1. Quick check for you: with a 1.4 Å probe and neighbouring chains kept, what is the accessible area per residue of the range 35-100, in Å²?
2. Quick check: net charge around G58, other residues with Cβ under 13 Å of its Cβ, Lys/Arg +1 and Asp/Glu -1?
3. First obtain the Kirkwood hydrodynamic radius of the range 43-122 from its Cα pairs, then insert it into the Stokes-Einstein equation at 4 °C and 1.567 mPa s, and state the resulting D in µm² per second as a whole number.
4. So between N60 and N33, what do we pick up on full extension, going 0.36 nm a residue minus the alpha carbon distance?
5. Quick one: which of 105-111, 35-41 comes out on top by average Cβ neighbours within 10 Å, and what's the full order, highest first?
6. Give me the net charge for the shell around I101: Cβ to Cβ below 14 angstrom, other residues only, Lys and Arg +1, Asp and Glu -1.
7. Given the whole protein assembly as supplied and a 1.4 Å probe, what does the accessible area of T42 come to in Å², nearest 10?
Amino acid sequence: MRIVRSTALGVAALGIAAAGVLSTTGTAVAGQNGQQIHFKDTRKKVASIWIYGSNQNGQNVGLCWQTPTADTYVRGHWWKGVVDVKLFGNRHCDEAGRGLITILHPNIRRVNDDSDWQTVRY
């Protein structure tokens, strides 16, 4: 009986510890120190975007992201301040061919209480 009770107490303690960890990891860094970008292509002309700007660590970062649908979520990258978003008509952020459409300069909020996402529209 003592082994069963010890095992039950161990499992209960492990469950409480796991719940504590899960409750503290739910808040993303983006909510307090930058946002992830939700690109909304209202004109349905953009095949890729190049985003360049400051990330959550204050480092300048650039990346090309394909936009296969009207709503594209650039996950895993957090931005803050004014960023450059180059819009391309091709899938490779290439200025040749149907290349560069325009450049947007959205100001990405550092803090957003509602979400980890900021929408950039074209």
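1. Spelled out: the 1.4 Å probe surface of the range 35-100, per residue, equals 53 Å².
2. Result for the local shell: +2.
3. Approximately 99 µm²/s, per Stokes-Einstein.
4. Length gained between N60 and N33: 8.3 nm.
5. 35-41, 105-111
6. Around I101, the charge tally is +3.
7. 80 Å²
The values are calculated or read from the model by the stated rules, or taken from the named source; none is laboratory data. Since the model is a prediction, treat every value here as computed from it, not as a measurement. So basically every Cβ, Gly included, is an ideal-geometry build from the backbone, and we count neighbours across all protein chains shown. The area values use the complete protein model at the heavy-atom level, side chains included, leaving out ligands, DNA and RNA. Shrake-Rupley method; radii C 1.70, N 1.55, O 1.52, S 1.80 Å.
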